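Working notes, beginning with the structure itself.
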Amino acid sequence: MSKPGPRKVIITCAVTGAIHTPSMSPYLPITPQQIIDDALGAAEAGAAILHLHARNPETGKPDQTVEGFMRFLPQIKQATNAALNLTSGGSPYMRVEERVLPAQMLKPEVASLNMGSINFGLFHLLDKYHEFKFEWEREHLEATRDLVFRNSFKDIEFILRTCYENGTRFEFECYDIAHLYNLAHFAERGLVKPPFFVQSVFGILGGIGTHPEDVQHMKRTADRLFGDDYRWSVLGAGASQLRIAAQAAALGGNVRVGLEDSLWAGRGKLATSSADQVRLVRQMIEGLGLEIATPDEARQILQLKGPGSVNF
C-alpha cells in the first residue's frame, strides 16, 4: 500500500493592495506593467493564486474601476496558469457598490470578501514615514484615526448575491474572531457553500494581533465552527509575515505573502518584488517537508471554476 504524498500548501500572493503608498517602497507596483511583472514573477516563484488590486498609474492611488483592472488582467491571464483573485475590499474609503464592481463584471475564479467591520488604523505608519511624493499619501494615513472599514451584514450579503451567480468563490478575509462567526452565520443561511477559503489576517491595527496564541485561537475557532468544510490560510502584516506563515504551515494551513501585506524580505531589507517573499515562504514550506500546490492543484482543493469561465 503506497503512502500518501506530502500535503500541498497553497501560496497566495497579493502584489500591491491599497494599504502601502508609493513613497514607502520604490518596489511597490503602481503601473499596469509593474503589476503584470510583479504578478508573473510571483507565479513563477510558486504562487498558485494571485490576489490583485488596481492603482492609478500616475499617483498610485487605489483604483477600483473595471478599466483599471483590465489594463493588466488579460496579460496576466495569458502569461500564467495561476488563479486570479480580484479584491472586493478595494479601499476602506469606497462604497460597497464600487468595491464589488470588478468582481461582478469580470467574474474571476476568486474574489476577496471582508467578513466584518473593523477600525482600520494605518496612522501609526506616520511615525515611520515622513516624506511623501504625493499629498494624498499623508492624508490617506492620517484619516485612518477616524476610519471604520464598513463591512455590514447587508454589505456582505450584497457581495455574495452579486458574485455567487458568476461561479466566483471567495477568499473570506477574517480580521478577528467575530468574522469567523459572521461566516458561520452566512453558511447557516445557505448563502455560502463549502469548502470555505478562510484567510485569517493578523497584525492590522484594529484587528487580531500577531501573538502565536492569536494564531492558535483563530484556527481552533475555525476548526470548531467549520470542521472539514474549510481550507485555512493566513497572512501576517509587516514584519510578522513569515513568522505567522511558518506557524500556519506547521499547523496544516496555507499562506499568503506579497507586497500588499509586507514590504520586507527580512529584517531591515526591502523586498524588491513579491517574488522575493514567495521564494522565502516556499523555502520554509519545503523545509518542513511539505510541497507547494500548483495552480491546478489549488483549483481542485478550493473547487474553483477554472480560467475558462472568467470574463476577461
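Computed from the coordinates by the stated procedures, all read-outs in this text should not be read as laboratory data. Note that the coordinates shown come from a computational prediction; the quantities given were computed from them, not determined experimentally. Cβ placement follows ideal geometry from the backbone for every residue including glycine, while neighbour counts extend to all protein chains displayed.
Place a label point 7 angstrom from the Cα of R161 along the Cα-to-Cβ direction, then list the residues of the stretch 183-206 whose backbone nitrogen is under 14 Å away.
Within reach of a label on R161: 190-192.
Per-residue HN-Hα couplings for the stretch 69-77, Karplus 6.51 cos²θ - 1.76 cosθ + 1.60 at θ = phi - 60°, whole Hz, x for Gly and Pro?
Once θ is set to phi - 60°, the couplings for the stretch 69-77 become 6, 6, 6, 9, 4, x, 5, 5, 4 Hz.
Suppose every Lys and Arg Cβ carries +1 and every Asp and Glu Cβ carries -1, with no other charges. What dipole size does the chain come out with about its Cα centre, to the nearest 20 debye?
Numbers: 32 positive and 35 negative charges, 126 e Å.
Magnitude of the dipole: close to 600 debye.
Between the stretch 28-90 and the stretch 216-244, what's the alpha-carbon centroid distance in Å?
25 Å
Under 19 Å from the 7 Å Cα→Cβ point of R95, by amide nitrogen: which residues of the stretch 52-68?
62-68
Kindly write out, for the stretch 47-62 in residue order, the coupling ³J(HN,Hα) from the Karplus curve 6.51 cos²θ - 1.76 cosθ + 1.60 (θ = phi - 60°), rounded to whole Hz, with x marking Gly and Pro.
3J(HN,Hα) across the stretch 47-62, in whole Hz: 6, 8, 10, 10, 9, 10, 10, 10, 9, 5, x, 8, 10, x, 5, x.
Could you give me the ³J(HN,Hα) list for the stretch 282-287, computed from phi with Karplus coefficients 6.51, -1.76, 1.60 and θ = phi - 60°, whole Hz, x at Gly and Pro?
5, 4, 5, 4, 5, x
Checking the a/c ratio against 1.5 first, then a/b against b/c, what shape does the Cα gyration tensor give for the stretch 254-311?
Verdict is oblate for the stretch 254-311.
Tell me what the chain gives for mean residue ellipticity at 222 nm when only DSSP H runs of n ≥ 4 count, each as -39,500 (n - 2.57), the sum divided by the residue total, rounded to 500 deg cm²/dmol. Kindly include the intermediate steps, with their values, before the conclusion.
On the way: 11 runs with 115 residues, N = 312.
Estimated from H runs of four or more residues: -11000 deg cm²/dmol.
What is the antiparallel percent of DSSP beta bridges lying wholly in the stretch 8-304, to the nearest 5?
Around 15 percent antiparallel, to the nearest 5.
Taking Cα pairs under 8 Å and at least six residues apart, what relative contact order does the chain come out at, in percent?
About 25 percent, as a whole number.
So which residue, out of H20, H130, H51, gets the largest mean-square fluctuation from a GNM of the chain using Cα contacts under 10 Å as springs?
Sorting by GNM fluctuation, first place goes to H130.
How do the peptides 236-242, 84-90 rank, highest first, by the average count of neighbouring beta carbon atoms within 10 Å per residue? All intermediate terms of the calculation are to be shown ahead of the outcome.
Working: 236-242: 20.4, 84-90: 27.4.
Put in order of decreasing packing, that is 84-90, 236-242.
Which translational diffusion coefficient, to the nearest whole µm²/s, is obtained for the chain from the Stokes-Einstein equation, given a Kirkwood hydrodynamic radius over C-alpha pairs, 37 °C and 0.692 mPa s?
Here the translational diffusion coefficient equals 171 µm²/s.
Sequence-distant or interchain residues sharing an amide H contact under 5 Å with E171, placed H: which?
Long-range HN contacts for E171: A111, S112, L113.
What's the local net charge at M218, with K and R +1, D and E -1, over the other residues with C-beta under 13 Å away? Walk me through the numbers on the way to the answer.
Numbers: positive: K219, R220, R224; negative: E173, D176, E213, D214, D223.
Once positives and negatives cancel, what remains is -2.
Amide H to amide H, which residues 5 or more places from A271 or on other chains are under 5 Å from it, using H placed in the peptide plane?
W264, A265
Return the single residue from W232, W136, W264 with maximal mean-square fluctuation; model: Gaussian network over the chain, springs between Cα atoms under 10 Å.
W136
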